[in-house]
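Enquirer: One structure, as C-alpha cells, below. Some questions next.
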Amino acid sequence: MPTRASPLPIDARPELRAALRTAAEHLSGRLARLDISALGISDYNQRYLTHKIAGLPTLLSKAALLLGWALAPCQRPLVELTLVDYGAGTGVLALLAKEAGVGAVIHNDIYPVSCQDARRIAEAVATPLDHYVAGDLDDLSQYAVK
C-alpha cells in the first residue's frame, strides 16, 4: 500500500502560493513584451534571456517552486524578509521574489556585467531590486556588513 507523502511547507502557506502565482502572471506579461535587443545588455545575456523567455511558463514555474520551498518555512510576512539571489545572472528569480512582495531583494553575481544587465532588465519590467552586488561570497558578506 502506498504511503502518503508528507505535505510540502508551501502546502501550509496558501497565501504564499497565491502571491507567487500572481507575481508570476504579472511578471510573465512584462518579460514577454521586452525588446531584449533594445535593453543595452551584453550579447551573452541577450542570448540567455531570449532563450529563457522562449520557455517563460516553465522558467517562472520553476522559480516560483524554488521560492516557495525557500520562503514557506519563514513565519514572517514576505515584506519583512530579505532574499539574496546568489549567482543571480539575469535576475529572473530575484524579480519574481520582489514582485511577490519580498521586502528586500539582493541580486548577487560574480560577473559585474550580469549585475549591470540585471539592473537594466529590472528597470525595463518596472521591478527594480533593492541591491546589486558584484562579486563572490566574500564580497557579498562585506557588502552586507556595511
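The values are calculated or read from the model by the stated rules, or taken from the named source; none is laboratory data. Quantities reported herein were computed from a predicted structural model and do not represent experimental measurements. Reconstructed Cβ throughout: ideal geometry from the backbone, glycine too, with neighbour counts over all protein chains shown. SASA here: full protein model, heavy atoms, side chains in, ligands and nucleic acids out. Shrake-Rupley method; radii C 1.70, N 1.55, O 1.52, S 1.80 Å.
Enquirer: What FRET efficiency, computed as 1/(1 + (r/R0)^6) with R0 = 41 Å and r the Cβ-Cβ distance, is obtained for Asp139 and Asp11, rounded to the nearest 0.05?
Expert: 0.65
Enquirer: Let me ask you something else. Based on DSSP H runs of at least 4 residues, each adding -39500 (n - 2.57), what is the mean residue ellipticity at 222 nm of the chain after dividing by all its residues, to the nearest 500 deg cm²/dmol?
Expert: Details: 6 runs with 78 residues, N = 146.
The per-residue figure over the chain is -17000 deg cm²/dmol.
Enquirer: Shifting gears a bit: Search the structure for amide H atoms under 5 Å from the amide H of Leu39, placed 1.01 Å from N in the peptide plane, and list their residues when 5 or more places away or on another chain.
Expert: Residues meeting the criterion, in which the H sits 1.01 Å from N, do not exist here.
Enquirer: Mind checking the full-extension length gain between Arg119 and Glu80? Use 0.36 nm per residue of separation minus the Cα-Cα distance, one decimal, nm.
Expert: Values: separation 39, 0.36 × 39 = 14.04 nm, distance 2.25 nm.
My answer for the length gained is 11.8 nm.
Enquirer: Provide the per-residue ³J(HN,Hα) series for region 110-118, in order, calculated from phi with Karplus coefficients 6.51, -1.76, 1.60 and θ = phi - 60°, each as a whole number of Hz, with x at glycine and proline positions.
Expert: Running phi through 6.51 cos²θ - 1.76 cosθ + 1.60 with θ = phi - 60° gives 5, 9, x, 5, 5, 5, 4, 5, 4 Hz.
Enquirer: For the chain, what does the accessible surface come to per residue with a 1.4 Å probe? Please give it in Å².
Expert: Numbers: 8430 Å² over 146 residues.
Normalised by residue count, the accessible surface of the chain is 58 Å².
Enquirer: Separate question: How high is the relative contact order of region 6-71, given as a whole-number percent (alpha carbon pairs under 8 Å, six or more residues apart)? Don't skip to the answer; put the middle values down first.
Expert: Details: 26 pairs, mean separation 31.4, N = 66.
Relative contact order for region 6-71 comes out at 48 percent.
Enquirer: What percentages make up the Cα-Cα pair-distance distribution of the chain when the bins are 5 Å wide from 0?
Expert: P(r) for the chain, in whole percents per bin: 2, 10, 19, 21, 19, 13, 9, 4, 2, 1, 0, 0.
Enquirer: Here is a follow-up. Gain in length, Ile110 to Ala72, computed as 0.36 nm per residue apart minus the alpha-carbon separation, to one decimal in nm? Each step should come with its number before you reach the end.
Expert: On the way: separation 38, 0.36 × 38 = 13.68 nm, distance 2.75 nm.
Taking 0.36 nm per residue and subtracting the Cα distance, the gain is 10.9 nm.
Enquirer: Rounded to a whole number, what % of the accessible area of the chain do carbon and sulfur atoms account for, probe 1.4 Å?
Expert: 56 percent
Enquirer: Enumerate by residue number the trypsin sites (Lys or Arg not before Pro) in region 6-90 meeting two conditions: DSSP loop (anything except H, G, I, E, B), and at most 11 other Cβ atoms within 10 Å of the site's Cβ.
Expert: Details: sites: Arg17, Arg21, Arg30, Arg33, Arg47, Lys52, Lys62; in loops: Arg33.
Answer by residue number: Arg33.
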